[in-house]
Number of protein chains: 2
Amino acid sequence: MSILFAYDDLTEFACSIFKKAGCSDRDARLASEVLLSADLRGIDSHGVARLSGYIRLWEGGRINTCPDIKVVHETMSTAVVDGDSGLGLVVAPFAMRVAIQKAAVAGTGWVSVRNSNHFGIAGKHAMMALEHDMIGISMTNASALVAPTFSVERMLGTNPIAVAIPAGSQPPFVADLATTTAANGKLEILQRKEENMPKGWAQDVNGKNSTDPNILKKGGALLPLGSDREHGSHKGYALGSVVDIFSAVLSGANYGPWVPPFPAYVPLPQNMPGKGLGHFFGAMRIDAFQPAAEFKKHMDHWITRFRSAKPAKGHDRVLIPGDPERESEPVRRAKGIPVVQAVVDDLAELAEKMGVKFPVECGREE
Amino acid sequence: MSILFAYDDLTEFACSIFKKAGCSDRDARLASEVLLSADLRGIDSHGVARLSGYIRLWEGGRINTCPDIKVVHETMSTAVVDGDSGLGLVVAPFAMRVAIQKAAVAGTGWVSVRNSNHFGIAGKHAMMALEHDMIGISMTNASALVAPTFSVERMLGTNPIAVAIPAGSQPPFVADLATTTAANGKLEILQRKEENMPKGWAQDVNGKNSTDPNILKKGGALLPLGSDREHGSHKGYALGSVVDIFSAVLSGANYGPWVPPFPAYVPLPQNMPGKGLGHFFGAMRIDAFQPAAEFKKHMDHWITRFRSAKPAKGHDRVLIPGDPERESEPVRRAKGIPVVQAVVDDLAELAEKMGVKFPVECGREE
C-alpha cells in the first residue's frame with residue numbers, strides 16, 4: 001500500500017527543505033522540480049525518496065548548496081563544467097543549458113561535467129532539448145555496484161544513458177536506461193516485498209548468479225545489461241564504461257570504483273583521481289541535419305510504424321521508448337504521487353529535523 | 001576446419017574484384033582494407049565472407065561503384081553526406097573524415113549519412129579518430145531482423161554502436177557492439193555446426209524463445225540486447241532505435257523495416273521513405289575537453305584499474321573492450337586468415353566469374 005500526496009505539495013515540501021539547507025529560491029525550486037519529475041514519470045527510486053539522502057550529503061559536507069557552477073574550458077561545440085560540489089539536480093540543468101546554447105550556434109553542443117553529485121533521472125535533462133527542436137542526450141556515472149563481465153569486483157555504477165528526440169504530432173521518443181540488466185531500485189522493491197529476484201540481475205561475492213535481492217549488501221554485484229557473456233553482458237559492460245569515460249575522464253571527475261557513494265555514511269574511496277561525480281550532456285539541432293519539419297514528419301512515420309508492429313501473444317501493443325513514463329504523468333498529477341510507508345516515515349523525520357511542515361496525504365492506493 | 005590465406009593475398013584478391021566491378025584503384029584499395037579489417041580483428045562474419053554479397057548487390061544495380069559521394073548540408077559541427085549508392089566500405093571512411101575535419105575546427109564533428117550500403121565493421125571507422133587524438137563514434141542501421149520487445153515483427157537491424165577512445169601507454173579502448181543479444185554471424189556458425197542456440201538469442205514466428213539457429217529463415221526474429229523484458233530487452237530495443245534514428249531519420253535514409261536488405265535476391269521493401277541505408281559518425285577532439293596528455297594519463301589509469309579487477313572463478317583476467325579483436329590482429333597477420341570451406345568455394349566461384357586469380361592457401365587449422 002502507498003500513501004498519496006499531491007504533486008504540488010510534495011514539490012513545495014522538497015523546495016522548503018532545499019531552502020533550509022541553504023539553496024537559493026531559484027536553485028531550490030529547480031532542484032525540487034527535477035527531483036519530483038522522477039515521481040511524476042513513475043521512477044520512484046530517483047524521486048522524493050532520495051530527498052533525505054541529498055540532505056545527509058549536505059550535512060556531511062559533501063554537497064555545497066551555494067555552488068559557483070561554471071564553464072572552465074570550452075570550444076565552439078564543447079565545454080567542461082565544474083559543478084563546485086553543487087546538487088546534481090542543479091548542476092545538470094546548468095550544463096544542459098550550455099550544451100543547448102552551443103548547439104544553437106555550432107549545430108551541436110557537448111558538455112562534460114565534474115565535481116557534481118547525483119542528478120536525478122537522466123531523461124529529464126535530455127528532454128530540455130526538445131522545446132528547442134534539438135535532440136538531447138544525458139548520461140552520468142554513479143558509485144560502483146556493477147561487476148564487469150568475468151569479474152566479481154564492483155567497478156561501475158548503473159551509468160544511465162538518456163536520449164530525447166522530438167517528433168511532430170506524435171509525442172517525443174525518450175529512451176532512459178541504466179546500462180545494467182535491472183536498476184537497483186527494482187531490487188529495493190523486492191526487498192520490501194521479501195520476494196526473490198529473477199536470475200540474471202545480480203551475482204554473489206563469488207560471481208555466482210543470485211536471486212537474493214539483498215545480495216548487494218553481502219558483497220554481491222549488479223550485472224551489466226545482457227546478464228552473462230553468452231547473452232551479451234560484455235556489451236552492457238562496454239556501454240557502462242563509455243558513460244563512465246565520457247562523464248568523468250573527459251571532465252576530470254572520479255571514475256570507476258572511485259565515484260563518491262550516494263549514502264553519506266559510506267566513506268569516500270581512497271586516492272580519488274578526480275573531483276566529485278561526472279555527467280555528460282549533448283544537444284544536436286535538428287536543422288543542423290534536416291529541416292525540422294521534414295525530420296518530424298519522418299519521426300511521426302517512424303513512431304506510428306513501430307506502434308503498429310505486430311504484438312506478441314499476450315500483449316496488445318508495442319511501446320515506443322518513453323511511453324510508460326509519459327503515460328504516468330497525467331495520472332500522478334491527478335491522483336497524487338504514491339509514497340511507500342518507509343519513505344513517508346523518513347520524510348516526516350526529515351521535516352521535523354529541518355523544521356518544515358510535512359504535507360497532508362491526499363489518499364491511499366493498493 | 002578452416003583454410004588459411006595470407007592477409008595480403010586476400011586483400012589483393014578483394015581489391016582486384018572491386019576493380020573489376022568498376023571501382024577506382026583508390027576506392028578498391030580502401031574497400032578491401034576496410035573489409036579485411038574485420039577478418040584481421042576476428043569478426044569473420046563481416047569480412048571477406050561478404051565479398052560476393054557486395055558484388056551481387058552491384059550486379060543487381062543496388063551499388064554504384066563510381067559514386068559521387070558528397071556533403072549535402074552542413075554546419076560548423078555537423079554534416080549530412082549522400083553516398084550516391086556507393087559501397088558503404090568507401091562511403092563510411094569519407095563521412096568519418098568529414099567528422100574528423102569538423103572536430104579539428106569546432107571541437108566535435110557529427111555526420112549522418114544516407115544512400116549508403118553495408119559498411120563493414122563499425123569499429124574500424126570509429127578507430128580512424130584515434131590517430132588525431134579524438135574519440136571516434138560509428139553506428140549504422142541494417143535490414144530488419146530484430147523484433148521490438150512485445151512484438152513478433154522484424155523492425156530493426158542489429159544496429160551496432162562503436163566507440164574508440166585513445167589512451168597513452170595502454171592500447172585504445174574500442175567498444176564495437178550490435179544492439180542485439182547475439183549477432184547474426186553467431187547463428188550462422190551454429191547452423192554450419194548443426195548445433196542448437198542458447199535460449200535468449202532469437203524467437204520464433206509466434207514470439208516464443210527458440211534454440212533453432214535456422215529460426216530466422218522460418219519467420220523468427222533476433223532479440224534486442226537483454227533478451228526479454230525482465231532482463232532489459234526494452235533497453236536493447238531503445239538503443240537499436242536510437243541508432244536507426246541517428247543514422248537514417250537525421251540523414252534521409254531508410255529506417256526500420258524499410259532498410260534495404262544485404263542479400264541481393266531479397267526484393268526491396270515497398271514504399272521506402274528514404275535513400276539507401278544510413279550511418280552516423282562522430283569525432284570529439286580530446287583537447288576540446290582536457291589536455292590530451294592529462295586525459296591519456298587518466299585513460300591509462302582507468303584501463304589498468306579495470307584490468308586489475310578481481311576475476312571471477314574460472315577466469316584469469318578481466319578484459320577491456322577491444323582486447324580480443326586487438327589480440328587477434330598480429331596472430332592472423334602472422335598465421336593467415338582462416339576461411340571456412342563454404343566461403344572458399346563461394347570466393348573461388350566469384351574469382352572465376354570475375355576473371356581474377358584466386359589466392360593459394362598458406363595452411364590449414366582446426
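Let's see if you can work this out: charge +1 on each Lys and Arg Cβ, -1 on each Asp and Glu Cβ, no other charges. What is the dipole magnitude of chain B about its Cα centre, in debye to the nearest 20?
My answer is approximately 560 debye.
So, by mean Cβ neighbours within 10 angstrom, what's the order for B:146-158, B:339-351 with the highest one leading?
Details: B:146-158: 25.1, B:339-351: 16.2.
Result, highest mean first: B:146-158, B:339-351.
How big is the Kirkwood radius of segment A:157-282, worked out from every pair of different alpha carbons and given in Å to one decimal?
16.1
With point charges of +1 on the Cβ of Lys and Arg and -1 on the Cβ of Asp and Glu, referenced to the Cα centre of segment A:30-150, which listed residue (A:GLY120, A:ALA99, A:SER77) lies farthest in the positive direction of the dipole?
It is A:GLY120.
May I ask you to list, by number, the DSSP H helices of chain B whose Cα span along the axis is at least 24 Å and whose average Kyte-Doolittle hydropathy reaches -0.5 or more?
Result, helices passing both filters: B:88-106.
Could you work out how much longer the chain between A:ALA292 and A:SER169 gets when fully extended? Use 0.36 nm per residue separation minus the Cα distance between them, nm to one decimal.
Values: separation 123, 0.36 × 123 = 44.28 nm, distance 1.29 nm.
Net length gain for the segment: 43.0 nm.
Quick one: length gained pulling A:VAL72 to A:THR211 fully straight, 0.36 nm per residue minus the C-alpha distance?
Working: separation 139, 0.36 × 139 = 50.04 nm, distance 4.55 nm.
Full extension of this stretch gives 45.5 nm more.
Mind listing the label-point distances from B:SER308 to the same position on all other copies, shortest first, one decimal in nm, points 7 Å along Cα→Cβ?
In ascending order, 5.8 nm.
Working out 0.36 nm times the residue gap between B:LYS335 and B:GLU366, then minus their Cα-Cα distance, what length gain in nm do you get to one decimal?
On the way: separation 31, 0.36 × 31 = 11.16 nm, distance 1.29 nm.
Length gained, B:LYS335 through B:GLU366: 9.9 nm.
What ³J(HN,Hα) values, in whole Hz, does the Karplus curve 6.51 cos²θ - 1.76 cosθ + 1.60 give for segment A:164-171 when θ = phi - 60°, with x put for Gly and Pro?
Computed from phi, the couplings for segment A:164-171 are 10, 10, x, 10, x, 7, 7, x Hz.
Dipole magnitude of segment A:140-197 about its Cα centre, charges +1 at Lys/Arg Cβ and -1 at Asp/Glu Cβ only, in debye to the nearest 20? Don't skip to the answer; put the middle values down first.
Numbers: 4 positive and 5 negative charges, 6 e Å.
Rounded to the nearest 20 debye, it is 20 debye.
Given label points at 7 Å from Cα along Cα→Cβ, what nm distances, shortest first, separate B:ARG326 from the same residue in every other copy?
Inter-copy label distances (nm, one decimal, shortest first): 4.2.
Rounded to the nearest 20 Debye, what is the dipole magnitude of the protein assembly as shown about its Cα centre when Lys and Arg each give +1 and Asp and Glu each give -1 at the C-beta?
About 20 debye.
Peptide B:270-276: average number of partner chain Cβ atoms within 10 Å per residue? Don't skip to the answer; put the middle values down first.
Working: counts 0, 0, 0, 5, 1, 0, 0.
Across B:270-276, the average partner-chain Cβ count within 10 Å equals 1.
Run down the aspartates and glutamates and flag those whose C-alpha is under 16 Å from the C-alpha of A:LYS310, throwing out any fewer than 8 positions away in its chain.
Result set, ordered by chain and number: B:GLU153, B:ASP204.
Given A:HIS301, A:PHE289, A:GLY314, which one lies farthest toward the positive end of the charge dipole of segment A:271-317, if we put +1 on the Cβ of every Lys and Arg and -1 on the Cβ of every Asp and Glu?
Result: A:GLY314, furthest along the dipole toward the positive end.
Using a Förster radius of 51 Å, what is the FRET efficiency between B:ASP8 and B:MET272 based on their Cβ-Cβ separation? Nearest 0.05, please.
Step by step, r from the Cβ atoms, then E = 0.80.
Kirkwood hydrodynamic radius of segment B:1-99 from all distinct Cα pairs, in Å?
One over the average 1/r among Cα pairs gives 14.3 Å for segment B:1-99.
Step through the table entries A:LYS199/B:LYS313; A:LYS19/A:LYS217; A:LYS235/B:LYS199, compare each Cα-Cα distance with 29 Å, and write down the pairs that go over it.
Flagged as over cut-off: A:LYS19/A:LYS217.
If the convex hull of the alpha-carbon atoms of the protein assembly as shown is projected onto planes in all directions, what is the mean projected area in square nanometres?
29.1
Among the residues of chain B, which one places its Cβ closest to the rotation axis that maps chain B onto chain A, and what is that distance in whole Å?
Smallest Cβ distance to the axis, with its residue: B:SER77, 2.
Relative contact order, percent, of chain A when contacts are C-alpha pairs under 8 Å separated by at least 6 residues?
23
Throughout, read-outs are computed from the coordinates displayed, never taken from laboratory work. The structure displayed is predicted, hence computed values, not measured ones. All Cβ positions, glycine included, derive from the backbone under ideal geometry; neighbour counts span all protein chains shown.
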